[in-house]
1. When the range 47-70 is examined, which residues are found to be of a type in the set (S, T, N, Q) and modelled with pLDDT of 90 or more?
2. Restricting the search to the range 38-84, which residues are of a type in the set (Gly, Ala, Ser) and either over 22 Å from residue 11 (Cβ atoms) or open to solvent by less than 60 Å² (accessible area, probe 1.4 Å) (or both)?
3. Would you point out the residue of the range 1-35, among those that are part of a strand (DSSP E or B), at pLDDT 90 or above and more than 15 Å from residue 71 (Cα to Cα), that is least open to solvent (accessible area, probe 1.4 Å)?
Amino acid sequence: MVTAVFDRSDVCLVKKDIERTIGHRVILETNKGRHKSVVNEGIISNVYPSIFTVQLSERDGAARKLSFSYTDVLTNAVEITLCE
């Protein structure tokens, strides 16, 4: 179930919102351009000064980790939705 979408008004606000959700399950919709997008589900694992990382759900026994910048969220290149 979807509970929230992050506020996109300022990079600092985006970072604070993401810091509060470390360890929570999220759905990521990544815009790949030309009307293509990829949807992944994972857990926000770490927050750094310029980026944050998401541990994706395991597929075929292989764990993957993705990193995104806060400006990716600000510019709608990545949409993050919290799961309950």
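The values are calculated or read from the model by the stated rules, or taken from the named source; none is laboratory data. Nothing here was measured: the structure is a model prediction, and the numbers come from that model. We place every Cβ from the backbone using ideal geometry, glycine too, and count neighbours over all the protein chains shown. All accessible areas refer to the heavy atoms of the entire protein, side chains included, with ligands and DNA or RNA removed. Shrake-Rupley method; radii C 1.70, N 1.55, O 1.52, S 1.80 Å.
1. Across the range 47-70, the qualifying residues are 50, 53, 55, 67, 69.
2. Here is the first cut: in the range 38-84, the residues of a type in the set (Gly, Ala, Ser) are 42, 45, 50, 57, 61-63, 67, 69, 77.
Hits for the range 38-84 are 42, 45, 57, 61, 62, 63, 69, 77.
3. Per the criteria, the residue is 26.
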